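The values are calculated or read from the model by the stated rules, or taken from the named source; none is laboratory data. Small disclaimer: the values here were computed from a predicted structure and weren't measured. Here the Cβ is made from the backbone with ideal geometry for all residues, glycine too, and neighbour counts use every protein chain on show.
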Amino acid sequence: MEDALPLNCRTPVIAEYNSTADPMEHLSRFENATLAPLHRQNKVSILRHHIHWGSTAMVQSTAHRVIGSFQEFRSLFLHQFASSRKVQKTKLSLFAIRQGEDEPLKEYLQRFNTAALEVPAATQEVKASAFSQRLLDGDFFKSLTKKPVSKFNALLARAAKYINMEEAQAAKKDNREEKRMEILEEAPSKKPHSDLRDRKPLFQRVNAVYTPLTVPIAQALIAVEEKGLITRPRSWIDTP
């Protein structure tokens, strides 16, 4: 059964441990918040109260167990949540950071700096080397190839110029795109293809109705010629 806290015992004002945060960081906050001398059992009970009830394994495993000291409970706590401890990053972890294909230089530099803060042992030379090796093959990379730098601070100073250039190029590209969209919006819309179907043809076909012949065509032509309704064309022999 869980230990009941004494009525006059004040619990420290810190968040519950949710089993996903770093247990060492939680213990440090807990111990800083309980600087006043407390009875060993009270201190263990307070820490139990600050373990989120979703982490039942730790609570149940110690509920009926006699804890000899706070250090013992502290060891059990760290062992139970060892998988949640933050792994200390090393210098080699900086070499695993690479610039994305479409990632601007500014964003890559910010991401690298954030990671470098977690590796205080990394020297200026190590950071400059790690940053350069994972840089995309662009204008800044070519500049570092032609004129290498050994210090990270010198690299930052040169990177600022190329960051400004990238931002200026991006702004220029956006302006061109905006102007192109404005031209497309202002241009008169083309007539739909349906208008072509509605247009009248230049020549109209007349569907005339004729009386069908009751005699052969040759006989009809002779009769018409005899009446002088048609004239045969003259041959080249009759031409004067």
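Could you run through region 128-138 and say how many residues are over 14 Å from Ala159 (Cα atoms) and either in contact with a Phe, Trp or Tyr (Cβ under 6 Å, 6 or more places away or on another chain) or surrounded by 21 or more Cβ atoms within 10 Å (Cβ to Cβ) (or both)?
Of the residues in region 128-138, 1 are over 14 Å from Ala159 (Cα atoms) and either in contact with a Phe, Trp or Tyr (Cβ under 6 Å, 6 or more places away or on another chain) or surrounded by 21 or more Cβ atoms within 10 Å (Cβ to Cβ) (or both).
Hey, Leu109 hits all of (1) surrounded by fewer than 17 Cβ atoms within 10 Å (Cβ to Cβ); (2) out of contact with any Lys or Arg (no Cβ under 9 Å at 6 or more places or on another chain); (3) assigned to a helix (DSSP H, G or I) but one; which does it fall short on?
Among (1) surrounded by fewer than 17 Cβ atoms within 10 Å (Cβ to Cβ); (2) out of contact with any Lys or Arg (no Cβ under 9 Å at 6 or more places or on another chain); (3) assigned to a helix (DSSP H, G or I), the lone unmet condition for Leu109 is (1).
Given Ile97, Ile163, which one is farther than 30 Å from Ala21 by Cα and either in contact with a Leu (Cβ under 8 Å, 6 or more places away or on another chain) or not small (Gly, Ala, Ser) (or both)? Let's see the steps before the verdict.
Numbers: Ile97 fails: farther than 30 Å from Ala21 by Cα.
Just one listed residue meets the conditions, Ile163.
Every residue, every condition in (1) modelled with pLDDT under 95; (2) assigned to a helix (DSSP H, G or I); (3) more than 25 Å from the chain's Cα centre (by Cα), yes or no:
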| position | (1), (2), (3) |
| --- | --- |
| Thr114 | yes, yes, no |
| Glu118 | yes, no, no |
| Ala121 | yes, no, yes |
| Glu125 | no, yes, yes |
| Phe131 | no, yes, no |
| Asp137 | yes, no, no |
| Leu155 | no, yes, yes |
| Glu166 | yes, yes, no |
| Ala171 | yes, yes, no |
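List every residue pair whose Cβ atoms sit under 7 Å apart, with the two residues 6 or more apart in sequence or on different chains, where the first one lies in region 120-139 and is not assigned by TED's automatic domain parsing to the domain that holds Gln99 and the second, anywhere, is modelled with pLDDT of 95 or more.
none
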